[in-house]
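> First the structure, then my questions, so here it is.
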Amino acid sequence: MTGIAGRHVVLGVTGGIACYKACTVARRLTEAGALVDVVMTASAAEFIRPVTFEALTGRPVVASLWEPGRALDHVRLGRDPDLIIVAPATARLIARAAQGLADDFLTSLLLARRSPLLLCPAMNDQMYAHPETQANLKKLKSSRVEESKSGVTVLGPATGPLAHGEGEGPGRMVEPEEIVAHAERLLLAGPPFAGKRVLVTAGPTREALDPVRVVTNRSSGRMGYAVARAAWRRGAEVTLISGPGSLEPPFGVEVIRVESTGDLNAAVGKALPKADVLVMAAAPADYRPETTSATKMKRGAGGLRLDLEPTADVLGGTVGKRKRGAVIVGFALESGDPVGLAREKLAAKELDLVVANDATEPGSGPDAPTNRVALVSKDGVERLPLMSKDDVAEHVVDHVGVLLSRRG
Ligand code: CTP
């Protein structure tokens, strides 16, 4: 499975108040299996003691150029890692790096760098807005060393409350989860997903009966959100068309909100011509009320009959309108013989892959956090054990990657 386990990351920490959040960055990367070497400036060590990072990463921390036994480490650590992150990056670090100064371990390492750099500025909003800081960032963004992939990515700063009593403005370091997501993308992006456009649909749709009542289903959207996240991590440009739900949108992904199956159909139709991959993980309502009352329907003495009419088959409707060579993935949520029915869907809707599952199995189903699926394609059937929807998404995206590579 694609992940960052075993990848080598240097985390530079400079002396801004946001450096307490760098502890979470170090921890999350280490939890994901990365080998994290923390390099602290002298000012950072005034905020947090190196031993904190040592405990979080299980590796020695560098806090000075003058530590015995580390004479050439600034060159080695700049050259060797898969990624360098500086979080937080203070105005002072940005100025020194932009000038090519090598007056401590971290700036020396940045000058000797051959790895990609992810820089996360954090400072007072006026310091950030200052033309000198802006010029320094511009210079750094355009600096590339050796291979083109070793450029500088500046992430943030975010807008929000600054240090206590400093009001709000652009200057806050972005949150650790976002830094880790971007770090993963920098580590994992590459063929066949880099530069590809992936369109994912997720969640239920809702068909209105009246201003307060809807016809809908139990879909949580988790599966589609996880696929969108996994494809973005591998370097794709991802658009997620999402039905109603409360999930946090994945970082870096363009999210288009829809309500009804008709809205979903229109949004898919608009984005489809450019999509290299379509993953239809949404559970669109198959029927809608024939009429929608403009006012709230009152409870009556007797029963209530609803007349429903079919909605559009969104996935079926994409046949003949897809980009040449696009990889098309459908889902088949069944209650009995999911693989057999998935095979039928594969042919009927001209799909490359169908993710089939049985809604009645324990641990599976639209609102469960886990799923037991079979991946059905022309190549055959791959039955996966019960696993989290995040892991299912990785398998689905792996499979899509194989199909994309075959199409060149
Ligand atoms: N789908 C769609 N438009 C619909 C209903 C479903 O595009 N109105 C898509 C789903 O996103 C999924 C696939 O079709 O990728 C299969 O959905 P499913 O509900 O299992 O199958 P249906 O084709 O609707 O057929 P049935 O419900 O009869 O099995």
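The values are calculated or read from the model by the stated rules, or taken from the named source; none is laboratory data. Here the structure is a predicted model, which means the values were calculated and not measured. Cβ atoms come from the backbone with ideal geometry, glycine included; neighbour counts cover every protein chain shown. For accessibility, only protein heavy atoms count, side chains too; no ligands or nucleic acids. Shrake-Rupley method; radii C 1.70, N 1.55, O 1.52, S 1.80 Å.
> Could you state the accessible area per residue of the range 64-199 in Å², with a 1.4 Å probe and every protein chain left in place?
On the way: 6480 Å² over 136 residues.
Value returned for the range 64-199: 48 Å² of accessible area per residue.
> Shifting gears a bit: For the pair Lys296 and His130, what calculated FRET efficiency results from E = 1/(1 + (r/R0)^6), where r is the Cβ-Cβ distance and R0 = 60 Å, to the nearest 0.05?
Efficiency at R0 = 60 Å is approximately 0.60.
> Pull up the DSSP beta bridges for the chain and report the antiparallel fraction as a percent, rounded to 5.
30 percent
> Short version: ³J(HN,Hα) in whole Hz for each residue of the range 122-134, in order, from phi by Karplus 6.51 cos²θ - 1.76 cosθ + 1.60 (θ = phi - 60°), x for Gly and Pro, what are they?
Once θ is set to phi - 60°, the couplings for the range 122-134 become 8, 6, 4, 4, 6, 5, 5, 6, 4, x, 5, 5, 4 Hz.
> Starting from the Cα-Cα distance between Leu386 and Glu31, subtract it from 0.36 nm times their residue separation and give me the gain in nm to one decimal.
Answer, rounded to one decimal: 125.5 nm.
> Relative contact order for the range 8-188: what percent, with Cα pairs under 8 Å and sequence separation of 6 or more?
About 22 percent, as a whole number.
> Please state, to two decimals, what the Cα-based radius of gyration of the chain comes to when divided by 2.2 N^0.38 Å (N = residues).
Rounded to two decimals, the normalised Rg is 1.16.
> Given the whole protein assembly as supplied and a 1.4 Å probe, what does the accessible area of Arg172 come to in Å², nearest 10?
Ignoring ligands and nucleic acids, Arg172 comes out at about 70 Å².
> Also, I was wondering about something else. List, in order, the whole-Hz ³J(HN,Hα) value for each residue of the range 289-306 obtained from phi through the Karplus relation with A = 6.51, B = -1.76, C = 1.60 and θ = phi - 60°; use x for Gly and Pro.
Once rounded to whole Hz, the list reads x, 4, 10, 10, 6, 6, 10, 5, 6, 8, 5, x, 6, x, x, 10, 9, 10.
> By accessible area of protein heavy atoms, probe 1.4 Å, what ranking do Lys139, Lys323 get, highest first?
Numbers: Lys139 105, Lys323 80 Å².
These residues rank, largest area first, as Lys139, Lys323.
> Let me ask you something else. Starting from the Cα of Arg76, move 7 Å in the Cα-to-Cβ direction to define the label point; list residues of the range 86-120 whose amide nitrogen is under 12 Å from there.
Residues passing the 12 Å test: none.
> Here is a further query. Roughly how much of Tyr128 is accessible, in Å² to the nearest 10, using a 1.4 Å probe?
Roll a 1.4 Å probe over it and Tyr128 shows about 50 Å².
> Scan the chain and hand back the longest stretch that contains none of the GluC sites (Glu not before Pro) lying in DSSP loops with at most 10 other Cβ atoms within 10 Å. Spell out each step's value before the answer.
Values: sites that count: Glu146, Glu147, Glu290.
In short, 1-145.
> Something else now. Tell me, what HN-Hα J-couplings in whole Hz come from the Karplus equation 6.51 cos²θ - 1.76 cosθ + 1.60 at θ = phi - 60° for each residue of the range 376-381, using x for Gly and Pro?
Karplus-based 3J(HN,Hα) across the range 376-381 equals 10, 9, 5, 6, x, 10 Hz.
> Hey, if we sort Asp307, Asp73 by accessible area with the 1.4 Å probe, largest down, what's the order?
On the way: Asp307 100, Asp73 25 Å².
Correct descending sequence by accessible area is Asp307, Asp73.
> For the chain, calculate the relative contact order in percent as a whole number, restricting contacts to Cα pairs under 8 Å that are 6 or more residues apart.
11 percent.
> For a 28 Å ceiling on Cα separation, which of these pairs sit above it: Lys138/Lys323; Lys270/Lys349; Lys141/Lys321?
Among Lys138/Lys323; Lys270/Lys349; Lys141/Lys321, the Cα-Cα distance tops 28 Å for Lys138/Lys323; Lys141/Lys321.
> Here is a further query. Mind listing the long-range amide H neighbours of Val174? Cut-off is under 5 Å, sequence gap 5 or more, other chains count too, H placed in the peptide plane at 1.01 Å from N.
The list, which skips near neighbours in sequence, is Ala158.
> Of all the accessible heavy-atom surface of the chain, with the other protein chains kept in place and a 1.4 Å probe, what percent is carbon and sulfur? Display every interim value, and only then the final one.
Working: 9960 of 19400 Å².
Ligands and nucleic acids excluded, carbon and sulfur reach 51 percent.
> Which trypsin sites (Lys or Arg not before Pro) in the range 367-408 sit in a loop by DSSP (not H, G, I, E or B) and have at most 11 other Cβ atoms within 10 Å of their own Cβ?
Lys378
> Distance between Cα centroids, the range 325-393 to the range 214-272: provide it in whole Å.
Result: 18 Å between the Cα centres.
> Using a 1.4 Å probe on the protein heavy atoms only, what accessible surface does Ser388 show? Give it in Å² to the nearest 10.
Surface open to solvent at Ser388 totals about 40 Å².
> Placing +1 on the Cβ of each Lys and Arg and -1 on the Cβ of each Asp and Glu in the range 8-188, which of Ala44, Pro121, Ala22 has its Cα farthest towards the positive end of the resulting dipole?
It is Pro121, whose Cα lies furthest towards the positive end.
> Sorted by accessible area with a 1.4 angstrom probe, largest first, how do Ile328, Ile17 fall?
Details: Ile328 5, Ile17 100 Å².
Descending order: Ile17, Ile328.
> On average, how much area does the Cα convex hull of the range 273-390 cover when viewed from any direction, in nm²?
The number I arrive at for the range 273-390 is 10.7 nm².
> To continue, here is another question. If you put +1 on each Lys and Arg Cβ and -1 on each Asp and Glu Cβ, how big is the dipole of the chain around its Cα centre, in Debye rounded to 20?
780 debye
> Kirkwood Rh and Cα-based Rg: tell me the resulting Rg over Rh for the range 29-183, rounded to two decimals.
0.95
> Go through Val329, Ala281, Pro366 and say which Cα lies farthest out towards the positive end of the charge dipole of the chain; charges sit on Cβ, +1 for Lys and Arg, -1 for Asp and Glu.
Val329
> How high is the FRET efficiency between Lys141 and Arg406 when r is their beta carbon distance and R₀ equals 45 Å, given to the nearest 0.05?
According to the calculation, E is roughly 0.80.
> Same structure, new question: With each label point set 7 Å from Cα along the Cα-Cβ vector, what nm distance links Asp286 and Glu168?
4.7 nm
> A further question follows. Contour minus end-to-end for Thr360 and Lys270, with contour as 0.36 nm per residue of separation and end-to-end as the Cα-Cα distance?
28.9 nm
> At 7 Å along the Cα-to-beta-carbon direction for both Asp313 and Ala347, put a label point, then send me their distance in nm to one decimal.
Each label point is offset 7 Å from its Cα along the Cβ direction, giving 1.4 nm.
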